[in-house]
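See structure below.
The values are calculated or read from the model by the stated rules, or taken from the named source; none is laboratory data. Nothing here was measured: the structure is a model prediction, and the numbers come from that model. Every residue, glycine among them, receives a Cβ derived from its backbone with ideal geometry; neighbour counts consider all protein chains shown. Ligands, DNA and RNA are excluded from the accessible area calculation, which covers all protein heavy atoms including side chains. Shrake-Rupley method; radii C 1.70, N 1.55, O 1.52, S 1.80 Å.
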Amino acid sequence: MTDINLDQMRQDIDNIDEKLTDLFKERMEKSLEIAKYKKGHKVPVFSDKREKEILHKVSEQIGEPFDGYARLLFNTIFDASRSCQNNYMAKRSDLADRIEEALKETPNLFPKKAVVACQGVAGSYSQAACEKLFEVPSIMYFNSFEGVFNAVEKGLCQYGILPIENSSYGSVGAVYDLMQNYNFHIAKGIRLRISHNLMAKPGTALSDVKEIFSHEQALGQCGDFLKELKDVKVTVVENTAIAAKMVAESDREDVAAICSKECADLYGLDVLKKQIQLSDNNYTRFICISKKMEIYPGSNKISLILSLPHTPRSLYLAISKFAALGINLTKLESRPIPGSDFEFMFYFDLDASVYSPELINLLSEMESQPETFVFLGCYTEVI
Ligand SMILES: O=C(O)C(=O)C[C@]1(C(=O)O)C=C[C@@H](O)C=C1
């Protein structure tokens with residue numbers, strides 16, 4: 001009995017959907033007609049006033065309890081309508097040409113050899129990421145992340161390796177902040193499993209340790225282990241391998257470093273405690289940056305930087321453009337713009353590829369807006 005009723009009700013829904021679909025198609029065709037007018041008369045796609053008027057009218061007409069749902073539905077309809085109009089009106093941008101050139105000029109295979117900038121000293125996780133990406137890299141080490149960006153921008157190194165995010169401790173804010181100041185592209189990404197160890201000179205016992213050195217991210221990833229230790233000073237240094245080197249070269253017998261196992265062999269240290277990170281599934285994402293845009297075959301990830309106007313719904317409108325094309329947004333990071341009044345730079349990672357003409361139209365449209373828009377690259381992430 002129940003099943004018969006359900007079948008009947010579903011049949012009713014199907015009939016309603018058929019009418020809705022016809023009406024939706026009719027509405028989208030009208031929207032395209034408007035796009036033709038707008039293109040000819042240089043009228044912008046988005047009209048906040050018109051959308052608000054429609055939402056108000058629809059809410060009044062439908063009343064409670066469905067008015068909230070109706071606004072949700074109509075906002076989605078506007079997203080589709082705007083996306084279709086933008087796609088129709090898109091002008092080919094300088095970015096579209098640069099992407100086409102990069103697709104033509106990038107070789108099919110990622111290089112095996114290159115001069116690569118890494119932060120820190122030998123034994124750093126950046127070195128491990130670099131050696132996973134390149135078979136025979138010539139690594140140049142720089143004290144700071146800024147040194148890596150500089151070396152690539154000035155052409156001193158062909159590529160640079162930078163950590164951007166850890167699965168348990170989050171984004172590397174310093175790298176995101178530097179992205180605003182340098183011209184670079186992302187050519188590849190890599191995800192590295194990270195296992196931290198407490199290391200000291202041979203002869204030092206865990207109970208002797210009075211000071212631990214490491215990078216801020218590594219210390220954060222080992223927070224639970226550090227909380228258990230009593231009367232131990234924790235000191236932040238630029239890099240985990242720098243911490244290992246400092247401990248190895250120190251006259252003190254009461255210091256230790258949190259670093260990778262490879263550092264033990266490199267700097268003659270002993271492991272006091274293995275795997276001290278919060279989770280066994282501890283991964284760090286690195287980017288491999290280049291000066292020129294390089295897009296290797298199969299690239300399926302896109303990174304962008306956007307500044308958005310301080311107006312209601314501006315972030316929603318940007319995200320809805322990706323949603324309307326069915327694009328998965330895999331990361332959204334916001335960082336304050338120095339010196340501004342709580343204005344932010346937004347960093348988007350998308351599951352998308354430059355082989356899609358609709359996406360190229362969308363990127364062209366975004367580039368034509370007055371706000372900052374930077375296409376960082378289209379690449380694959382090695383896992
Ligand atoms: O009225 C317009 O200007 C339209 O382009 C139509 C429409 C809509 O789909 O209703 C689309 C985009 C605008 O932001 C406002 C309304």
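List the trypsin sites (Lys or Arg not before Pro) within the range 151-241 that fall in a DSSP loop (any state other than H, G, I, E or B) and whose Cβ has at most 15 other Cβ atoms within 10 Å. Write out the running numbers ahead of the final one.
On the way: sites: 154, 188, 191, 193, 210, 227, 230, 233; in loops: 154, 210, 230.
Counting only loop positions with at most 15 other Cβ atoms within 10 Å, the trypsin sites (Lys or Arg not before Pro) in the range 151-241 are 154, 210, 230.
In square nanometres, what is one fourth of the surface area of the convex hull spanned by the alpha carbons of the range 121-255? All intermediate terms of the calculation are to be shown ahead of the outcome.
Numbers: hull surface 36.5 nm².
Projected over every direction and averaged, the Cα hull of the range 121-255 covers 9.1 nm².
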Length gain on complete extension for the stretch residue 24 to residue 112, per 0.36 nm per residue less the alpha carbon to alpha carbon distance? 26.5 nm
If we restrict to alpha carbons, what Rg and Dmax does the range 199-269 come to, in Å? 10.9, 29
Order the following by accessible area, largest value first: 178, 95, 315, 156. Probe radius 1.4 Å; ligands, DNA and RNA are ignored. 156, 315, 178, 95
Grab the Cα-Cα distance for residue 48 and residue 300, subtract it from 0.36 nm times how many residues apart they are, and report the gain in nm with one decimal. 87.4 nm
Semi-axes of the equivalent ellipsoid of the range 2-89: what are they in whole Å, largest first, if each equals the square root of 5 times a C-alpha gyration tensor eigenvalue? 31, 17, 9
From zero up to wherever the largest Cα-Cα distance of the range 47-166 sits, split into 5 Å bins and tell me the percent of pairs in each. 2, 9, 12, 11, 9, 7, 6, 7, 8, 10, 8, 7, 3, 1
Residue 310 accessible area, assembled protein chains, probe 1.4 Å, Å²: 140
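Provide the packing ranking of 100-106, 195-201, i.e. peptides ordered by the mean count of other C-beta atoms within 10 Å per residue, highest first. Write down the numbers at each step before the final one.
Values: 100-106: 14.4, 195-201: 23.0.
My ranking of the peptides, most packed first, is 195-201, 100-106.
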Probe 1.4 Å, all chains present, heavy atoms only: residue 50 accessible area in Å², nearest 10, is 120
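If you wrap a convex hull around the alpha carbons of the chain, what volume per residue comes out, as a whole number of Å³?
Values: hull volume 84.8 nm³, N = 383.
Looking at the chain, the number lands at 222 Å³ per residue.
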Over what distance in Å are the Cα centres of the range 242-268 and the range 114-164 separated? 21
Loop sites in the range 333-374: GluC sites (Glu not before Pro), DSSP, at most 16 other Cβ within 10 Å: 343, 371
Any idea how far the Cα center of the range 166-182 sits from the one of the range 41-86, in Å? 37
Taking protein heavy atoms only, a 1.4 Å probe, and rounding to whole percent, the accessible area of the chain owed to carbon and sulfur comes out at 54
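Going from most exposed to least, what order do 141, 69 have by accessible area with a 1.4 Å probe? Write down the numbers at each step before the final one.
Working: 141 80, 69 155 Å².
Largest accessible area first, the list is 69, 141.
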Free-standing Cys, the chain [no other Cys Cβ under 4.7 Å]: 84, 118, 130, 157, 222, 288, 378
MRE, 222 nm, helices only [DSSP H, n ≥ 4, -39500 (n - 2.57), over the chain, to nearest 500]: -13500 deg cm²/dmol
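Out of the DSSP beta bridges found with both residues in the range 199-269, what percent are antiparallel (nearest 5)? Before the final figure, lay out the partial values.
Working: 1 of 8 bridges.
Counting only bridges with both partners in the range 199-269, antiparallel ones make up about 10 percent.
Have a look at the DSSP beta bridges in the chain and tell me what percent are antiparallel, nearest 5.
Values: 43 of 61 bridges.
Counting only bridges with both partners in the chain, antiparallel ones make up about 70 percent.
Reported to two decimal places, what Rg/Rh ratio describes the range 238-342 when computed on Cα atoms with Rh from the Kirkwood expression? Write down the numbers at each step before the final one.
Details: Rg = 21.8 Å, Rh = 19.1 Å.
The Rg/Rh ratio comes out at 1.14.
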